[in-house]
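The values are calculated or read from the model by the stated rules, or taken from the named source; none is laboratory data. Nothing here was measured: the structure is a model prediction, and the numbers come from that model. Every residue, glycine as well, gets a Cβ built from its backbone with ideal geometry; the counts of neighbours run over all protein chains shown. We work out accessible area using only protein heavy atoms, side chains counted, and drop any ligands, DNA or RNA first. Shrake-Rupley method; radii C 1.70, N 1.55, O 1.52, S 1.80 Å.
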Amino acid sequence: MTTATKTGLALSALLVAAASISYYMAREGDAETYQRAAAEIRQIRQLATEWSVETARVRSNPLGDYDALAAFIPEVARLKKGLLEAVRATPTMPERLANDTYAFASALDAKEERIERFKTANSVIRNSARYLPNAAASIARTASDAGLAGDVTELADGLGRYAASPSDEAKGRLKAIHERLEERLAALPGDDAGTLSNYLAHAEILLERQAPTERIFRQATSGDVSDLAGDLAAEFDIQGKTLERQAELYMMGVWASVVALSLVWVFVFVARSHPAPSQEAQPPAAAEAVEAAEAALAVAGAGSEAATNGSTVHHDPPDTTHKLLMSQQILTEVVGAGIAQAVRDLTVGFDDATARRAEDIAVLAERFATTNAARTDRYDLVDLTDCAEAALDVVAAGDGARVVAEFDDAPPVFASRAELGLMLEQVIDNALHAIRDKGLDADEGEICVKTARDGVDASVTVIDNGIGISPEDRMRMFEPFAGTREDRPGVGLAITQHIVHKYGGRIAVGSQPGGGTVLRISLPGMSE
């Protein structure tokens, strides 16, 4: 196999992998979910507005039907449930947007509770308001005392005006009349006293409950829900359009990889048709091959440069990873781990800069080949604690930091032991580098590895006191080739996330610049 062919195979494998990753990233963002959520929020907003209008109609109509208010509850509950389920089922949902959605749902619950309180309070006031005019007229006709009849009529008329426009001044004046009538009770005969007592009881209900009921009504019919719905729908629209643009950019990365792959094989054909005449001519050609590899990867990764939503560090498993798995299978079956050695052979004896760039390419090939080869390993019930202990030994974590192991009774995971080992080696290796980047020696640096049972899941947590991760880097930490160190290719966490997602697990990261990092992986456990 000629040198040009080896180079072509190496670049082809990496371009196929880059295209597959770009395709996977394009499919991961679901713009339709955000657009559907925005439409549901607008439906809720319309219902909330109609609910407020119906509440005002019931308040103004003495014979208004409260069942009309209850009819809104099932439809609002259905839309709210669908909205919350969409948020929980979307792993890439920005944390800020998810929190705003939960706040909106709470506002809907508050509106429903206020309308229920209004119904209860208004029903009591409505009964008293119906009773008072007839009772006042009856007392005025039968009363032998003109003063009594006048006070009763004045109180009834005043309560009617107070119901339309409650005020402290009007309430004070009406309470004075109410107190005068209470003083007359002792001088009235039994039947008249009973009638007046009932009248005064209903009048007191209106005096004491009219103003609080009015406040409840204003709260129940306020525009808070409509305002929140308008803002939230706009946020979902913006996020949906952002994801559409990202998907377009990632697909551009896929097509760029295809074009770059074609150019690579044109280069191979030309190189084989015009072999180098002498050994002395080979170094520039090898250096150009490395430069071509970097250029091809840069073109292929164009789609992956799109900005992510960036507000969440929680990554749940996608629906499918078949494209990524296919690229890795091609890499192993066609060239396998031999690609890495072939790339290294090209640059033997050349300058350090060229050798370093070639080494980065070789490491990428090895990592993808290792991950795919592990996929063919035998599946078994694997103890996550055993894998963690083995990974600590392989990475030699104890040579670079103090190791604190807190192993608990985690349930077994049905998986490939090799893949889980690779996953934990990548995480622990990153923790060691974070400690070194902070300038800590082996006595100052500390890595804590914990395994535990999380319900039916098995979890492993790796904590370090290293340099930490900035918010900007955290946004891209799981993207391939997004590492911040020049001497590392930046694929370790991409491989880790791929393995976690493959087994239906979850990975979450918390970090502060200069304050260390906490990375937690949960995998489905197997019961006895």
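Side notes on the structure shown:
- Being closer than 17 Å to residue 127 by Cβ, in a helix (DSSP H, G or I) and at pLDDT 80 or above is a description that applies to residue 202.
- Among the residues here, residue 486 does not qualify as among the acidic types (Asp, Glu), assigned by TED's automatic domain parsing to the domain that holds residue 441 and at pLDDT 80 or above.
- Cβ-Cβ contacts under 8 Å between residues 6 or more apart (or on different chains), taken from a first residue in region 174-193 that is assigned by TED's automatic domain parsing to the domain that holds residue 163 to a second residue that is open to solvent by less than 50 Å² (accessible area, probe 1.4 Å) and outside any helix (DSSP H, G or I), are listed as 192/143.
- For region 492-506, the condition holds for no residue, the condition being that it is open to solvent by 60 Å² or more (accessible area, probe 1.4 Å) and modelled with pLDDT under 85.
- Scanning region 96-112 for residues that are in contact with a Lys or Arg (Cβ under 7 Å, 6 or more places away or on another chain) and free of Cβ contacts under 8 Å to residues at least 40 places away in the same chain yields one hit, 105.
- Residue 155 surrounded by 13 or more Cβ atoms within 10 Å (Cβ to Cβ), on the phi < 0 side of the Ramachandran plot and touching an Asp or Glu at 6+ places or on another chain (Cβ under 9 Å): no
- Which numbered condition residue 87 fails, given (1) in contact (Cβ under 8 Å) with a residue 24 or more places away in the chain; (2) open to solvent by 40 Å² or more (accessible area, probe 1.4 Å): (2)
- Neighbours by Cβ (under 8 Å, 6+ apart or cross-chain): first from region 502-528, more than 19 Å from residue 383 (Cα to Cα); second of a type in the set (D, E, K, R): 508/520; 509/474; 509/520; 511/474; 514/438; 516/464; 517/464
- Conditions (1) open to solvent by 20 Å² or more (accessible area, probe 1.4 Å); (2) assigned to a loop (DSSP other than H, G, I, E, B); (3) in contact (Cβ under 8 Å) with a residue 60 or more places away in the chain: number failed by residue 442: (3)
- Selection within region 394-414 - in a helix (DSSP H, G or I) and not charged (D, E, K, R): 394, 395, 397, 398
- So residue 461, is it under 21 Å from residue 494 (Cβ atoms), hydroxyl-bearing (Ser, Thr, Tyr), open to solvent by 10 Å² or more (accessible area, probe 1.4 Å) and at pLDDT 90 or above: yes
- Screening region 1-110 for helices (runs of 4 or more DSSP H) wholly inside it with 3 or more residues that are closer than 21 Å to residue 230 by Cα returns the ranges 31-60, 72-88.
- Of all the numbered requirements in (1) part of a helix (DSSP H, G or I); (2) open to solvent by less than 50 Å² (accessible area, probe 1.4 Å), residue 222 misses one, and that requirement is (1).
- In the set (1) in contact with a Leu (Cβ under 9 Å, 6 or more places away or on another chain); (2) at pLDDT 85 or above, residue 257 fails one condition alone, (2).
- Residue list for region 189-242, filter: aromatic (Phe, Trp, Tyr) and farther than 26 Å from residue 114 by Cα: 199, 236
- For residue 213: the one exception among (1) in the same structural domain as residue 49 (by TED's automatic domain parsing); (2) open to solvent by 30 Å² or more (accessible area, probe 1.4 Å): (2)
- Top-ranked residue in region 161-170 [being open to solvent by less than 60 Å² (accessible area, probe 1.4 Å) and touching a helix residue (DSSP H, G or I) at 6+ places or on another chain (Cβ under 8 Å); ranked as modelled with the highest pLDDT]: 170
- Test: residue in region 7-22 that is surrounded by fewer than 18 Cβ atoms within 10 Å (Cβ to Cβ), within 31 Å of the chain's Cα centre (by Cα) and in contact (Cβ under 8 Å) with a residue 12 or more places away in the chain: no
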